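Report on the structure given below.
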Amino acid sequence: MRLILLRHGKALERSEWDGADADRPLTKDGADQITRVCKALRDLIRADALWSSPWARARSTAELASSVWKLPLREVEWLAGEAMAADERIALLPTDADVVLVGHEPDLGLLAGALLGGTALQLKKAGVAILDGKPAPGEMRLIGLLTPKIVLELAQ
């Protein structure tokens, strides 16, 4: 099984947004970058499902990814913010499908670290981590930790 952890694209800065953090949207540049990254990944990575945080910037990222990958989108609360500990999240992962998880830092990095049996990874905005193996603590291996720039260069 593969997990593709995709951090949301560039969003408005907190200082530029008066509303709730969960409602902070992607910028136009962030949406454009995510679309390009997802198109590049589509040719490199197969996925069966796409799950997303319900927060606006992740949801918008996931909608763009869903349209590129032609995958149904499932919104899951436990990908939002610091909803629960990494071990609790691991218990909710599928075991029989390759899934794109769209979410936030530090949560995606902490989840990856727990699955890899090491320290947390750091994903840049629109960055991706690709993990392979059994979705259990310490049972997955890292295939790649890619910045958006690297993804786009690989696709050329």
Looking only at the range 1-60, count every residue that is among the charged types (D, E, K, R) and farther than 24 Å from Asp98 by Cβ and tell me the total. 11
I need the full set of residues from the range 98-117 which are of a type in the set (A, V, I, L, M) and touching a His at 6+ places or on another chain (Cβ under 7 Å), in order please. Val102
Residue identified as touching a strand residue (DSSP E or B) at 6+ places or on another chain (Cβ under 9 Å) and farther than 25 Å from Val151 by Cα among Val100, Val76: Val76
Take Arg42 and decide whether it is more than 21 Å from Ile90 (Cα to Cα) and surrounded by fewer than 23 Cβ atoms within 10 Å (Cβ to Cβ). yes
Take the residues in the range 143-156 that are touching a residue at least 60 places away in the same chain (Cβ under 8 Å) and within 15 Å of His8 (Cα to Cα); name whichever of them is surrounded by the fewest Cβ atoms within 10 Å (Cβ to Cβ). Pro148
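A quick yes/no check of all residues on (1) free of Cβ contacts under 8 Å to residues at least 40 places away in the same chain; (2) touching a helix residue (DSSP H, G or I) at 6+ places or on another chain (Cβ under 6 Å):
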site: Leu3; (1), (2): no, no
site: Leu6; (1), (2): no, no
site: Arg46; (1), (2): no, no
site: Trp69; (1), (2): yes, yes
site: Met84; (1), (2): yes, yes
site: Ala91; (1), (2): yes, no
site: Ala112; (1), (2): no, no
Which numbered condition trips up Ser15, out of (1) within 16 Å of the chain's Cα centre (by Cα); (2) in a helix (DSSP H, G or I)? (1)
Looking at the range 1-29 only, could you name the residues that are among the small types (Gly, Ala, Ser) and either over 24 Å from Glu77 (Cβ atoms) or touching a strand residue (DSSP E or B) at 6+ places or on another chain (Cβ under 9 Å) (or both)? Gly9, Ala11, Ser15
Can you pull out the strands (runs of 3 or more DSSP E) entirely within the range 48-142 that have at least 3 residues that are modelled with pLDDT of 95 or more and surrounded by fewer than 20 Cβ atoms within 10 Å (Cβ to Cβ)? 73-75
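The values are calculated or read from the model by the stated rules, or taken from the named source; none is laboratory data. Note that the coordinates shown come from a computational prediction; the quantities given were computed from them, not determined experimentally. Here Cβ is always computed from backbone atoms with ideal geometry, including for glycine, and neighbour counts include all displayed protein chains.
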